Amino acid sequence: MYLPDPRLYPRVNAKNPVIRSLMAFLTASEPADAKQKRQVLDEVVRELLLTGDHYGLNGALTQAPTQDAYKVLWKTLRDAVEQPLGNVAHAVPFALPIVFVAGQKGETELPGEADAQAIAALLRTHGVIAADADVWLGSALVGADQLAAINPTQLSRWQTQITAAEALPAELVSAPIRFKDEGVFIRYLVGVAMQPSGTDPVIRLGGAVGGWGMPLAQLLSDGFKKPGLTLFPIPRVPQSWLAAQESGRVTVLETRLQVAASNAIRSIRGKGRTPVITLAAHEGGEIRITFSSREDAERWEGYVWPLAPLDTAEQVHAFVDDLMRECQVDDVVVIETIQPDLDTDGLPFFVTAHNRPVQPQ
């Protein structure tokens, strides 16, 4: 079963200096030539960062002619932003993603702040932050849109402009969590670590959540405790600013899908029916997943995974397969042709156990 990639990519724009350097590197046939072309690409990207040309960088990313080309350019940009030239002292802006799975009957609002001092102390205890490190961690739970508003050229400047571990030079405000009945939300704690030259990293970025994960989840849960509230915080590891956005986006999509699948499958089985899960790639760059039953042609539920540039259809397919095995669902249908975005009535089109896929002309 093959789930296709529904996205369309632009033609190679040789007039764009970043794309030109990128394609020269990707098409180099000899190792020595590839190394030289790699250096040129690195220099072009670093020059745009140095001059603050965010629009040039963003334009190049949107013009990447394949996903593999996008991944190479994205890694090049991240390396340039996150790895300063030379072993020099610098600031390390970071973010800690937290997914909140919340439920309470009616309209509910949760505060947009956490106990940053207690969280930082916990991370120091577990060695995520070095005991003697100069690190500032903000208390505001920040929304994904605010992180995205800080572009790579700003992040690059922060490395040298920030000279002490204190509040970041940006308008980052708390984002309270508002919901009705239930929801899955992503928030970030942001901070800055001062990295001296010639020393080991003062903060451990990336990797797996260690023994501090459960205590941190409990600390967050206790801080939001209120009558009738069910809350499951899912903290991720501290990461670089750009990596944290990607990690948080994927984690919240996966968690929302888990919640949607659990609710839908429980409802189907509760009626004595057999669940059927359908995956289809749709025009416009979405994977749509439906939960229906063999016995009922009328009732079904859908979930939409919008494919971001770093996502792959195979990644979503594999996640759904693993999830359905956990849910003990055997009937998983994968549509191997790209489906339309809209039906004949102009409504979003979903394939279900009874609503058949559109066949290519």
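Looking only at residues that are touching a helix residue (DSSP H, G or I) at 6+ places or on another chain (Cβ under 7 Å) and either of a type outside the set (Phe, Trp, Tyr) or surrounded by fewer than 16 Cβ atoms within 10 Å (Cβ to Cβ) (or both) in segment 287-306, which one is nearest to LEU242 (Cα to Cα)?
Ranking the qualifying residues of segment 287-306, first place goes to ILE287.
Looking at LEU279, LEU220, LEU216, which is the one that is buried (at least 20 other Cβ atoms within 10 Å of the Cβ) and either assigned by TED's automatic domain parsing to the domain that holds GLU314 or under 25 Å from VAL304 (Cβ atoms) (or both)?
LEU279
Out of ASP68, ASP53, which single residue is within 25 Å of ALA244 (Cβ to Cβ), surrounded by fewer than 17 Cβ atoms within 10 Å (Cβ to Cβ), within 21 Å of the chain's Cα centre (by Cα) and not polar (S, T, N, Q)?
Within the list ASP68, ASP53, the selection yields ASP68.
Keeping to segment 258-313, report how many residues are in a strand (DSSP E or B), over 24 Å from ILE338 (Cβ atoms) and without any contact (Cβ under 8 Å) to a residue 40 or more places away in the chain.
Residues in segment 258-313 being in a strand (DSSP E or B), over 24 Å from ILE338 (Cβ atoms) and without any contact (Cβ under 8 Å) to a residue 40 or more places away in the chain: 0 in total.
On the given criteria, is ARG273 surrounded by 15 or more Cβ atoms within 10 Å (Cβ to Cβ) and over 30 Å from GLY86 (Cα atoms)?
Answer is yes for this residue.
Just checking, does segment 97-117 include any residue being in contact with a strand residue (DSSP E or B) (Cβ under 6 Å, 6 or more places away or on another chain), in a helix (DSSP H, G or I) and surrounded by fewer than 19 Cβ atoms within 10 Å (Cβ to Cβ)?
Yes - at least one qualifying residue is present in segment 97-117.
Restricting to segment 315-348, name every residue that is in a helix (DSSP H, G or I) and loosely packed, with under 12 Cβ neighbours inside 10 Å.
Once the filter is applied, which keeps residues that are in a helix (DSSP H, G or I) and loosely packed, with under 12 Cβ neighbours inside 10 Å, segment 315-348 yields ASP322, ARG325, GLU326.
Restricting the search to segment 227-245, which residues are assigned to a helix (DSSP H, G or I) and touching a Leu at 6+ places or on another chain (Cβ under 6 Å)?
Selection gives TRP241, GLN245.
Every residue in segment 174-200 that is crowded, with 16+ Cβ neighbours inside 10 Å, of a type in the set (S, T, N, Q) and more than 21 Å from the chain's Cα centre (by Cα), please.
Scanning segment 174-200 gives a single hit, GLN195.
Against the definition (under 16 Å from PHE94 (Cα atoms) and more than 20 Å from the chain's Cα centre (by Cα)), how does ILE203 come out, yes or no?
Yes.
So for segment 145-155 (the condition being in contact with a Phe, Trp or Tyr (Cβ under 7 Å, 6 or more places away or on another chain), crowded, with 18+ Cβ neighbours inside 10 Å and closer than 28 Å to LEU231 by Cα), does at least one residue qualify?
Yes, segment 145-155 contains a residue that is in contact with a Phe, Trp or Tyr (Cβ under 7 Å, 6 or more places away or on another chain), crowded, with 18+ Cβ neighbours inside 10 Å and closer than 28 Å to LEU231 by Cα.
Return only the number of the condition from (1) part of a loop (DSSP other than H, G, I, E, B); (2) under 19 Å from GLY211 (Cα atoms); (3) in contact with a helix residue (DSSP H, G or I) (Cβ under 9 Å, 6 or more places away or on another chain) that GLY127 does not satisfy.
For GLY127, the failing item is (3).
When you scan segment 16-24, do you find a residue that is surrounded by 13 or more Cβ atoms within 10 Å (Cβ to Cβ) and in contact with a Phe, Trp or Tyr (Cβ under 9 Å, 6 or more places away or on another chain), even just one?
no
A quick yes/no check of all residues on (1) in a loop (DSSP other than H, G, I, E, B); (2) in contact with an Asp or Glu (Cβ under 8 Å, 6 or more places away or on another chain); (3) polar (S, T, N, Q):
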| site | (1), (2), (3) |
| --- | --- |
| LEU3 | yes, yes, no |
| VAL12 | yes, no, no |
| PHE25 | no, no, no |
| ALA32 | no, no, no |
| LYS35 | no, no, no |
| ASP42 | no, yes, no |
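Just for segment 311-338: of the residues that are acidic (Asp, Glu) and closer than 30 Å to ALA69 by Cβ, which one is nearest to the chain's Cα centre (by Cα)?
Checked segment 311-338; the qualifying residue nearest to the chain's Cα centre (by Cα) is ASP311.
Given GLN315, GLN239, which one is touching a Ser or Thr at 6+ places or on another chain (Cβ under 7 Å), of a type in the set (S, T, N, Q) and under 27 Å from TYR188 (Cβ atoms)?
Unique residue meeting the criteria: GLN239.
The values are calculated or read from the model by the stated rules, or taken from the named source; none is laboratory data. Worth saying up front: this structure is predicted, and the values here are computed from it rather than measured. Glycine gets a Cβ as well: all are built from the backbone with ideal geometry, and neighbour counts include every protein chain shown.
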